[in-house]
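The values are calculated or read from the model by the stated rules, or taken from the named source; none is laboratory data. Since we're looking at a predicted model, the values are computed, not measured. Ideal geometry is used to build each Cβ from the backbone, glycine not excepted, and the neighbour counts take in all protein chains shown. Just the protein is used for accessible areas: all its heavy atoms, side chains included, with ligands, DNA and RNA removed. Shrake-Rupley method; radii C 1.70, N 1.55, O 1.52, S 1.80 Å.
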Amino acid sequence: MSLNENRPPAGNVRPGLDRRTLLKTLGVGAVGAAGIPLLAACTGGSGPGATPSASTSLTFGSGSSDDVPKAAYKAVTDAFTAKTKIKVTTNVVPHNDFQNKISTYLQGSPDDAFTWFAGYRMQYYAGKGLLAPIDDVWQKVGANYSDAMKKASTGPDGKMYFVPNYNYPWGFFYRKSVWADKGYTVPTTFDALKTLCAKMKSDGLIPIEFADKDGWPAMGTFDYINMRLNGYQFHMDLTAHKESWDQKKVSDVFDTWKALLPYQNPAALGMTWQDAAINMGKKKSGMYLLGSFVTQQYTDKTILDDIDFFAFPEIAMEGQDAVEAPIDGLLLSKKGGNNQAARDFLAFMGTPEGQDAYAKVDPSNIATAKGADTSTFSPLTKKCAETIANAKSISQFFDRDALPAMANNVMIPALQGFIKDGTVDVKNLESQAKALYAAQ
Amino acid sequence: MSTPTELSESATPGSRAGQRTPARRPKPGRVRRLSKRDKVVLGIMVGIPTLVQLAFVWIPTLLSVLLSFTRWNGLALSDIRAAGVANYSYVFTDNPAFWPAVQHNILWLLFLAVIATPLGLLLAVLLDQQIRGSKIYQSVFFIPVMLSLALVGIIWQLFYQKDNGLLNFLLGTAGTPQAVDWFGNSSVNIWAALVAATWRHAGYVMILYLAGLKGVDASLKEAASLDGANARQTFFRIVFPAMAPINIVIVVITIIESLRAFDVVWVINKGTNGLELISALVITYLIGEGQSIGIGSAFAVILLVISLVPITIYLSRTFRKEKF
């Protein structure tokens, strides 16, 4: 197209551009324009509304731009090509750019398949009709996944949209040697947790390491107390704003949390999660509620081997069935839905074979399909995997389950305010939620 | 930031043209018309800046005002819906960060006006004396002005960090429970940010006043000393009033700096937990994941209206002067 646009308007021939070059440009333009349908035919995607056609290639948009995940996805596409002879063209976009531009990307000319997250961040675009449902793919790979994974991959219309690749759980991480020294045992109820905290405090430790300068880590504590008090479904309904914030169930969450506040690091608001992780590494604190990525902070192998974790204790309902474990995986764009090769690619990602290809290069995350190779897992990774596999429900973390504006603009300041003085205005949370969700 | 240079640049060609026109004019009675070529050149010279101004200033401003009365998720244009004044009522009544942000912007203005600007003036007066190494001191104080405020924020993080920062180390409190949490404690962090901003603003004011001091006629000072004025009288009665044009520029710069204060707080904690500023709220709601175009636009319009006050005062003053 651009060739056509470069053509100067007839009758306004600039000096230096003689008739011959003009004709040549016109000619190239014409060829260029004629070439477009040919190129379109090559992509293998037929017009919208057509049934998936057999094809031998697909395009894959990847936001995994860091070296390790980038190489890991290359291993997956290579394995897929080797197995099926289908060619995959990968377009890697820097991670944050990919995230910030996702809406224009999906409205423009997206790749057939692309990397994304489960939860509201997936459901939102499914609801806007920008994704292709993949129930047929799930018929092939569904047996590889737990019910929780299936729930997290379902769109607002009940159809399947997402193929999980890997995830990582949130829990209380601690140093085994500290616990062995002092004779602490893992608490399974909230009361036991409070007793343990009090004991740790009297032993001169900061019982619960905590950092919230960046605002989002506190959401993990909120999510867990909310789910243990009100259940997974309430968490989903609240983040989707089907439930009001201005109700007792929500203020109960904060009231329950208040009991833990005196045991959490009082300097939380000036620290990042990395600062807090260092404190735990130095044995200054008893435990730390965070995602398993906390172990990235410990380069010293003796510390790394000394790390263990336990699930958030039960409070009122559901025991410890719900686990906070953000899932990353693949989606099909609307356009990709017409390309059978892209469906095959997603199905491949949902097999132990595909996930092993990924995990071999990037072992820091946990494969989601049953039967994936766990022989190289460290005991800690194995435990993380088991925790997720046994979960009845998997939540995606507040900022992935809720409207981003609600998570970033309302919850971060509200939680920081709560950490500061133990008060929160749920009425105001509700009126802000109303205004923000109405704009979507 | 570029206000003073822009002003002086735009003033020079104008005054030159004003001098040249009568000299060039041929004998009275014969009006020389512009040739076609002149008209085209003039048209382009006027047209292009006008278009640029329209495209980058007026149209976006107008669109912001319009969008502030809508709800929009930033996706398809068809998703835009009218919202009346809902966004403004959200900002004024529901958003808990708005009024603290207004207060912090006022505090910012007062702090810069009462502490940072006089400090810059003091530095300028000291460095204007014939002291050895004056150029070196000038550079030292001016370096922060050349750094981006984001970088300034990062540098000050090193001073302010709770356990490993220089400041707590000097106070002897590093690593102890008495350590001051400069950025995390919401009653301290605004002052910490203001000191970081002053570090930069004072250098900026200093360089402007140095230029101003050089421009003050030496004979005025001489006359003052002949009349028996002491140094202080000379400065406050003679030199300072003689710098009136610079003073106005400084006042405007100080007001603008306090309104657009942003970078330091954004680097620290994105303008939350005691560091709320209107500019940070605009960015929070307009850019990135928490996008709500209508509400962000409402914040931007409010900031615009506040900014118009000093701008109007400044412009009316400058135009009044040009009449003479």
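Select from segment A:56-147 those trypsin sites (Lys or Arg not before Pro) which occupy a DSSP coil region and have at most 15 other Cβ atoms within 10 Å, ordered by residue number.
A:K85, A:K101
Treat every Asp and Glu Cβ in segment B:186-303 as -1 and every Lys and Arg Cβ as +1, leave all other atoms uncharged, and give the resulting dipole magnitude about the Cα centre to the nearest 20 debye. Spell out each step's value before the answer.
Working: 7 positive and 7 negative charges, 35 e Å.
Value, rounded to 20: 160 debye.
Pull up all non-local amide H partners of A:T90: gap of 5 or more, or a different chain, and H-to-H distance under 5 Å with H placed in the peptide plane.
Hits under the 5 Å cutoff: A:F60.
Quick one: how many Å² of A:H95 are accessible to a 1.4 Å probe, rounded to 10?
80
Using the Karplus equation 6.51 cos²θ - 1.76 cosθ + 1.60 (θ = phi - 60°), what ³J(HN,Hα) coupling, rounded to whole Hz, does each residue of segment A:299-310 give in order, writing x for Gly and Pro?
Here the 3J(HN,Hα) series is 7, 6, 5, 5, 5, 4, 6, 8, 8, 9, 8, 9 Hz.
Hey, which of these cross-link pairs are over 21 Å Cα-Cα: A:K150/A:K370; A:K150/A:K392; A:K360/A:K392?
On the way: A:K150/A:K370 13 Å; A:K150/A:K392 11 Å; A:K360/A:K392 27 Å.
Listed pairs above 21 Å: A:K360/A:K392.
Run down the aspartates and glutamates and flag those whose C-alpha is under 15 Å from the C-alpha of B:K270, throwing out any fewer than 8 positions away in its chain.
Within the straight-line limit of under 15 Å, B:K270 reaches these aspartates and glutamates: A:D212, A:D214, B:E289.
Heavy-atom accessible surface, probe 1.4 Å, ligands and DNA/RNA ignored: which residues of segment A:207-232 lose at least 40 Å² versus the isolated chain?
A:K213
Assuming R0 = 41 Å, can you tell me the calculated FRET efficiency for the pair A:S109 and B:V40, based on Cβ-Cβ distance, to the nearest 0.05?
Details: r = 41 Å, r/R0 = 1.00.
So the FRET efficiency works out to roughly 0.50.
Nearest-5 percent of antiparallel DSSP beta bridges in the protein assembly as shown?
Numbers: 24 of 41 bridges.
Percent antiparallel among DSSP bridges in the protein assembly as shown is about 60.
Could you check what % of the DSSP bridge pairs in chain A are antiparallel, to the nearest 5? Please list the in-between numbers first.
Working: 22 of 39 bridges.
Antiparallel bridges: around 55 percent, rounded to the nearest 5.
Could you state the angle between the C-alpha long axis of helix A:426-438 and the longest principal axis of the C-alpha atoms of chain A, as a value from 0 to 90 degrees rounded to the nearest 10?
Long axis of A:426-438 versus the principal axis of chain A: about 10 degrees.
Rank A:M317, A:M200 by accessible area, highest first, at a 1.4 Å probe radius? Mind showing how you got there, number by number?
On the way: A:M317 85, A:M200 0 Å².
Result, largest first: A:M317, A:M200.
If I ignore ligands, DNA and RNA and count only protein heavy atoms, how much of A:Y120 is accessible to a 1.4 Å probe, in Å² to the nearest 10?
Accessible area, nearest 10 Å²: 40 Å².
Sequence neighbours fewer than 8 away in the same chain don't count; with that in mind, list the aspartates and glutamates whose C-alpha is under 15 Å from B:K214.
The qualifying aspartates and glutamates are B:D128, B:E222.
Enumerate the amide H contacts of A:L330 below 5 Å, restricted to partners 5 or more residues apart or on another chain; note that Pro and chain-start residues carry no placed amide H.
Here A:W116, A:V163, A:N165 satisfy the definition.
Can you work out the accessible area per residue across segment A:360-440, with the rest of the protein chains kept in place, probe 1.4 Å, in square angstrom?
Numbers: 3230 Å² over 81 residues.
Per-residue value: 40 Å².
Are there any helices in chain B, counted as whole DSSP H runs, that stretch 27 Å or more along their axis by Cα and score at least 0.0 on average by Kyte-Doolittle, and if so which? Kindly include the intermediate steps, with their values, before the conclusion.
On the way: long enough: B:3-24 (32 Å, -1.16); B:189-215 (39 Å, 0.89); B:293-322 (41 Å, 1.34).
Qualifying helices: B:189-215, B:293-322.
Please determine, in degrees from 0 to 90 and to the nearest 10, the orientation of helix A:217-230 with respect to the longest principal axis defined by the Cα atoms of chain A, where the helix direction is its Cα long axis.
70
Output the 0 to 90 degree angle, nearest 10, between the alpha-carbon long axis of helix A:352-361 and the longest principal axis computed from the alpha carbons of chain A.
Taking Cα atoms only, the helix is inclined about 80 degrees.
Points 7 angstrom from Cα along the Cβ direction at B:V65 and A:K249: gap in nanometres?
Inter-label distance under the simple model: 4.5 nm.
Say the dipole of the protein assembly as shown comes from +1 at the beta carbon of Lys and Arg and -1 at that of Asp and Glu; which of A:W170, A:A71, A:G183 then lies farthest toward its positive end?
Positive-most Cα among the choices belongs to A:A71.
Which whole-angstrom value gives the distance between the alpha carbon centres of segment B:106-138 and segment A:130-204?
The two parts, judged by their Cα centres, are 57 Å apart.
For the protein assembly as shown, what is the mean residue ellipticity at 222 nm derived from helices alone (per DSSP H run of n ≥ 4: -39500 (n - 2.57); sum divided by total residues; nearest 500 deg cm²/dmol)?
Numbers: 36 runs with 414 residues, N = 764.
Using -39500 (n - 2.57) per qualifying helix, the result is -16500 deg cm²/dmol.
Checking the cross-link filter: which lysines have an alpha carbon closer than 25 Å to that of A:K248, excluding same-chain neighbours under 8 positions apart?
A:K194, A:K258, A:K420, A:K427, A:K434
Residue by residue through segment A:276-281, what is 3J(HN,Hα) from phi via Karplus (6.51 cos²θ - 1.76 cosθ + 1.60, θ = phi - 60°)? Round to whole Hz and write x for glycine and proline.
Working through the residues one at a time gives 5, 4, 4, 4, 5, x Hz.
In segment B:255-290, what residues drop by 30 Å² or more of accessible area when the other protein chains are put back, versus the chain on its own? Use 1.4 Å, and skip ligands and nucleic acids.
By number: B:T272, B:N273, B:Y285, B:E289, B:G290.
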